[in-house]
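Read the structure below first, then the notes.
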Amino acid sequence: MAQSNVFETVMMQFNKAADLMGLDPEIRKILSNTTNEIVVNFPVVMDNGCVQMFTGYRVQHNNVLGPYKGGLRFHPAVNIDEVRALAVWMTWKTAIAGIPYGGAKGGIQIRPWDYSPAELERITRRFTFALGSNIGPEYDIPAPDVNTNAQIMAWILDTYLQMMPPLERNRCVHVVTGKPVESGGSVGRDKATGQGLVYVLEAWAKDHSFPLSGATYIIQGFGNVGSWAARLLKPLGAVLVGIEDHSGAMVNPDGIDPDALAAHVAKQGRAQGYAGGAVVDHETFLSTKADFFIPAALEGQITAETAPLLNVKLVVEGANGPTDLDGDMILQERGIMLLPDVLANAGGVIVSYFEWLQNKRSEFWDLAEVDARLLKQILGAYRRVHDAVERHGTDWRTGAYIVALERLQTVYRERGIFP
Ligand code: NAD
């Protein structure tokens, strides 16, 4: 499912924006490369007593704006090319969001569903140990991504703290974000990516006289991002008419209840078997007539083959990199608007930043405060991108990249290149 050339995609998107805004060629050289690429092979004892070797990655793209920041993914398609691309997207995303972080990403090439919880715990802890001082609360801060969650962050936190001298431990709790609330997480982090997407969509809808009440939509991926986006769209009156996850797709023109589906997925681990829709194949799902589409699974979903199938007016990217270069071009030719990942899914890293701040200050913010600050931060990003789109007469992805590149260029020019 994931494209093998996803890093090439992100670089071509970058070059398009860099050409349009006239990025300094010296700074372009720096941003075209990652800074550090860590690959670790590590052994773990399985429940049956045998040892299995695993390969884990952490790619750190850029930290000129602050510590490296980005999620950890447990998926069989994880490879160095994908992790590089995801790390670069994080640099743009944090720059657009206006938070003091750089970009990184990591993961393990693994089929997590093949392992027991005890094995996953040992794999996570051993991976953390192998990464060692390549992560740290003021240096590189992981978070959840596909197939990782608050529990996995708690194991990373605990393992990292065990490696610290006792006197240091309590000031290192911000080494990961997306932790369980009781272990130093922030309220509102679980829904943050979906919430940010909904805030961006509401702002765009208001600007474009696109009523969300009664609007229909389809969603791909019903994990953290997809399920929260759908549950938060329900009170706004938007109607979910189609969903697809790894187990298959279903449609219902009368609406699928996101809360009931989320309860089903929480129990069964998949959408399959939910009684509230008719099972359809992948192509039928993508062709479903709706007002908008939220891809919230993996990259490489809207391509030369699939973009012509879409029957929507707007795509809001919950996933990272769901649209490749051909997909983008076809959507533009067909007049389908697109709100890009680096803006639309930035809510997660913004609330991760709030969690990090709360840990550093030993504070606890309530949900109202987290949501209000998220709204303010993401609307600021939305406005900056909106202005760049108008200024350059370009698409929203390129406009978003320009916001990021302008900020990075300013900082490089102020600080210079050592020595
Ligand atoms: P998740 O593991 O919680 O959910 C992933 C979903 O994708 C699941 O519903 C799964 O069934 C579905 N999926 C997997 N393979 C599929 C396939 N072949 N076809 C259709 N659906 C498939 O992951 P998540 O955290 O919700 O992340 C989803 C996307 O959002 C990723 O691209 C991730 O990088 C991005 N993202 C996540 C966050 C976050 O805070 N979790 C933040 C920003 C971006």
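Annotation: the antiparallel percentage among DSSP beta bridges lying fully within the chain is about 50. Here the convex hull built on the C-alpha positions of the stretch 35-182 has a volume of 108 cubic angstrom per residue.
Look at the alpha carbon pairs under 8 Å that are at least 6 residues apart: their mean separation over the length of the chain gives a relative contact order of 17 percent.
Counting only DSSP beta bridges with both residues in the stretch 192-344, the antiparallel share comes to about 30 percent.
On the beta carbon distance between Arg383 and Val45, with R0 = 41 Å, the FRET formula returns roughly 0.20.
Do the alpha carbons of any pairs in Lys105/Lys179; Lys69/Lys313; Lys191/Lys234 sit beyond 23 Å of each other, and which pairs?
Values: Lys105/Lys179 17 Å; Lys69/Lys313 33 Å; Lys191/Lys234 14 Å.
Too far apart for the 23 Å limit: Lys69/Lys313.
Counting Lys and Arg as +1 and Asp and Glu as -1, each charge on the Cβ, what is the dipole of the stretch 192-344 about the Cα centre in debye, to the nearest 20?
On the way: 8 positive and 18 negative charges, 108 e Å.
The dipole of the stretch 192-344 has a size of about 520 debye.
Of the trypsin sites (Lys or Arg not before Pro) found in the stretch 45-149, not one falls in a DSSP loop while having at most 10 other beta-carbon atoms within 10 Å. For the chain, a Gaussian network of Cα nodes joined below 10 Å ranks Val198, Val279, Val45 by mean-square fluctuation, and the top entry is Val45.
Carbon-plus-sulfur accessible fraction, the stretch 35-182 (probe radius 1.4 Å, protein heavy atoms only): 53%.
Using C-alpha pairs below 8 Å separated by at least 6 residues, the relative contact order for the stretch 192-344 is 22 percent.
What you get for the chain, charging only the Cβ of Lys and Arg (+1) and of Asp and Glu (-1), is a dipole of about 960 debye around the Cα centre.
Mean-square fluctuations from a GNM of the chain, with a 10 angstrom spring cutoff on Cα atoms, peak among Ser352, Ser116, Ser186 at Ser116. A 1.4 Å probe run over the protein chains yields, for the chain, 40 Å² of accessible area per residue, whole-number rounding. Working from Cα pairs under 8 Å separated by at least six residues, relative contact order for the stretch 35-182 is 24 percent. Write out the GluC sites (Glu not before Pro) in the stretch 356-419 meeting two conditions: DSSP loop, and at most 14 other Cβ atoms within 10 Å of their Cβ. The qualifying sites are Glu363. Dividing the helix sum by the residues of the chain, where each DSSP H run of 4 or more adds -39500 (n - 2.57), gives a mean residue ellipticity at 222 nm of -14000 deg cm²/dmol. Have a look at Ala97, Thr303, Asn359 and report the one farthest towards the positive end of the charge dipole of the chain, computed about the Cα centre with Cβ charges (Lys/Arg +1, Asp/Glu -1). Of Ala97, Thr303, Asn359, it is Asn359. Dipole of the stretch 35-182 computed with +1 at Lys/Arg Cβ and -1 at Asp/Glu Cβ about the Cα centre; of Phe129, Pro144, Thr55, farthest Cα towards the positive end is Pro144. A DSSP coil position with no more than 16 other Cβ atoms inside 10 Å describes the following chymotrypsin sites (Phe, Trp or Tyr not before Pro) in the stretch 337-397: Phe364.
Mind checking the dipole of the stretch 35-182: about its Cα centre, +1 per Lys or Arg Cβ, -1 per Asp or Glu Cβ, Debye to the nearest 20?
Numbers: 13 positive and 13 negative charges, 43 e Å.
The calculated dipole for the stretch 35-182 is roughly 200 debye.
The values are calculated or read from the model by the stated rules, or taken from the named source; none is laboratory data. These numbers were taken from a predicted model, which means no experiment stands behind them. All Cβ positions, even for glycine, are placed from backbone atoms using ideal geometry, and neighbour counts span all protein chains on display. These area figures cover heavy atoms from the full protein model, side chains too; ligands, DNA and RNA do not enter into them. Shrake-Rupley method; radii C 1.70, N 1.55, O 1.52, S 1.80 Å.
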